[in-house]
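Here is the structure we will look at.
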Amino acid sequence: MAAAGVLAASTMMLWGCGGGNDNNPADAAIPLTVPKAACGPNDKPETGLQGQVPAALRASGFKGFSCNLQLVGQYKGEGASWQHAFFKDRAGHLCNYYDTSINTADRTQLGTVVLDVSQPTNPQPTAYLTTQSMLDPWESLKINERRQLLGAEFSRNGTGTGQLDLFDVSGDCRNPQLLSSVLTGSAANGDAGALPDGQILAGHEGNFSPDGLTWYSGDRGTPKKYTATDISNSTHPVLLGAWTLPQDFAPTTVTTHGLVISDDGNRAYVSQAGVLGANVNLLTTPEANGVLILDTSDFQKRVANPQFRLVGSLLWRDGGQMQHTILTTINGKQYVVAVEESSVGGNSPAGWQAACAAGLPVFNMARIIDISDEKKPKLASRLMLETHDPKNCDKVLPDLAGRSSFTYGSHYCSVDNRLNATTLACGYFNSGIRVFDIRDPLRPKEIAYFNPAGTTTASPGSNHGTQWVSGGPDWCNAQIRLDVATASLQTTCQDNGFLSLKFTNGVWPFPTSSTPPGMQN
């Protein structure tokens, strides 16, 4: 570690100036880490670095941290998986949906869980959705507010098929009604011609267009691509077309992930998920991870032979495996929140060591990107914790002995109102649920966090799998519902299941915060 520390010090200035990224040199004035939250007298604040669960606490059984957030309701069930969605129907029922692992061992209730959270202190399951896609939607479980649809792809352990399931939640969100369950891009569905010869579909993550008429997917079939499916007839989705992700990033392999569509339907902000790896020079190998802006107007207009077109991009070397995007407006200006799930070196001890040696962030993070010029997006800020800072490598790497996957990095974030965002709430795996003030997008500040206690029995519906250790920190990784009216948030963590949390000490909401339906994801 000593040698890594010396090299880190010598390369920190290079990274602070953009790490050599000629596409978009980062502003050297951007702080390395966000300011820490100031906790109240009855909180259980972190005892180490910001975001850290020290090795000693892991060994003795982690009891959890809290700062300006208090647990008020929980439904553990059999655990949770990767995604969480939410909807309030016209009768006032507040429903939350979350997926579980496709693992069938020791299970009594498979599929996607439907919770009635009308009383946040006493969430109650009302249904389990077990159509093919709902058995393992992975990260594709999404709600469309305008058409009142719940959708998901079959993404079996991250790489499934072209299966797409749509449910109606307009009548009673506690009991979604199946509209369709079809294998898109197939002869049986009549849309195989939308795929070039030899291509196959393999669902991983998807999202609705805001008008609810098109489903877009980050598909991991052969080749890696983004697809568009017409769901204007929700009983018969039809694949419209596909766009292959550029693969000229040797020696790095890139793939697809999450995306978001503009309100007018004419732009997609998609992930290019690249990890340079532990066996290359992280300071000179070309950047392969970032955000692409695609023109989707052909699909929005339903023209014949529709095409995706690349408009702009921003790639960077201080993170990896782009996870998803949020299109949002802050103080009247448009930004994209970009969230990763891997460090530049990869989610492994070798990858963390390589990042440390290069003086680059050890773990993945969220960042805010200015898209005023969509052809040349630029970095506005990073939501980097003290655990990410390479100068702290010697303090955090011992915590992760025996771990080889998601640890201190980010995964999913949500804003309070994407048309006027003041607040960003994120799941940072072992670092728990973190909430940030983004009213100044150039200088975000942490205002609260909640890191649940480790469980002593494994949750069979979790995807924590071999990474689970009794008493160790959970994986908090799903999207988050913020609610101004009750000063609360709701989300899932994989071993603890569904969590309902209330803000304390008056830290949130802000006077200008709002949480209109359909504006958080």
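The values are calculated or read from the model by the stated rules, or taken from the named source; none is laboratory data. Remember, it's a predicted structure, so these values are computed and weren't measured experimentally. Heads up, the Cβs are rebuilt from the backbone with ideal geometry, glycines too, and the neighbour counts pull from every protein chain shown.
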| request: All but one of (1) at pLDDT below 95; (2) more than 29 Å from Gly151 (Cα to Cα); (3) among the β-branched types (Val, Ile, Thr) hold for Thr104, so report the exception by its number. | output: (2)
| Answer from Ser140, Ser118 - the residue that is closer than 18 Å to Gly518 by Cβ and among the hydroxyl-bearing types (Ser, Thr, Tyr) | Ser140
| message | Regarding the stretch 441-450, can at least one residue be identified that is crowded, with 18+ Cβ neighbours inside 10 Å, in a loop (DSSP other than H, G, I, E, B) and more than 17 Å from the chain's Cα centre (by Cα)? | response | yes
| So, in the stretch 408-440, of the ones that are aliphatic (A, V, I, L, M) and part of a loop (DSSP other than H, G, I, E, B), which residue ends up surrounded by the fewest Cβ atoms within 10 Å (Cβ to Cβ)? | Leu419
| Do we have Asp394 as crowded, with 19+ Cβ neighbours inside 10 Å, among the charged types (D, E, K, R), touching a residue at least 60 places away in the same chain (Cβ under 8 Å) and part of a helix (DSSP H, G or I) here? | no
| note | Selection over the stretch 111-130 where residues are farther than 10 Å from Leu94 by Cα, out of contact with any Gly (no Cβ under 6 Å at 6 or more places or on another chain) and among the polar types (S, T, N, Q) yields a count of 4
| request: Being charged (D, E, K, R) and surrounded by fewer than 22 Cβ atoms within 10 Å (Cβ to Cβ) is the filter; apply it to the stretch 192-219 and report the residue that is nearest to the chain's Cα centre (by Cα). | output: Asp211
| What residue, among those in the stretch 82-105 that are among the charged types (D, E, K, R) and part of a loop (DSSP other than H, G, I, E, B), is nearest to Gly497 (Cα to Cα)? | Asp99
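Being touching a Lys or Arg at 6+ places or on another chain (Cβ under 8 Å) and over 21 Å from Lys88 (Cα atoms), is that true of even one residue in the stretch 408-422?
yes
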| said: Among the residues of the stretch 355-370, what is the count of those that are of a type outside the set (S, T, N, Q) and in contact with a strand residue (DSSP E or B) (Cβ under 7 Å, 6 or more places away or on another chain)? | reply: 6
| Hey, among the residues in the stretch 336-346 that are in contact with a Gly (Cβ under 7 Å, 6 or more places away or on another chain) and part of a strand (DSSP E or B), which one's surrounded by the most Cβ atoms within 10 Å (Cβ to Cβ)? | Glu340
| Has the stretch 145-166 got at least one residue that is hydrophobic (A, V, I, L, M, F, W, C) and surrounded by fewer than 20 Cβ atoms within 10 Å (Cβ to Cβ)? | no
| message | Go through the stretch 151-170 and report how many residues are farther than 23 Å from Lys225 by Cα, outside any loop (DSSP other than H, G, I, E, B) and aliphatic (A, V, I, L, M). | response | 0
| Residue satisfying all of: in the stretch 487-508; part of a strand (DSSP E or B) and in contact with a Gly (Cβ under 8 Å, 6 or more places away or on another chain); nearest to Thr100 (Cα to Cα) among these | Gly497
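Here's the yes/no breakdown for (1) under 18 Å from the mean Cα position of the chain (by Cα); (2) of a type in the set (S, T, N, Q):
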{"residue": "Asn279", "(1), (2)": "no, yes"}
{"residue": "Leu294", "(1), (2)": "no, no"}
{"residue": "Asp298", "(1), (2)": "no, no"}
{"residue": "Arg317", "(1), (2)": "no, no"}
{"residue": "Leu327", "(1), (2)": "yes, no"}
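Restricting to the stretch 106-121, and then to whatever is in contact with a helix residue (DSSP H, G or I) (Cβ under 8 Å, 6 or more places away or on another chain) and assigned to a loop (DSSP other than H, G, I, E, B), can you tell me which residue is farthest from Phe87 (Cα to Cα)?
Top of the filtered list is Leu110.
Looking only at strands (runs of 3 or more DSSP E) that fall completely inside the stretch 172-226, which ones have 3 or more residues that are touching a residue at least 60 places away in the same chain (Cβ under 8 Å)?
205-208, 214-219
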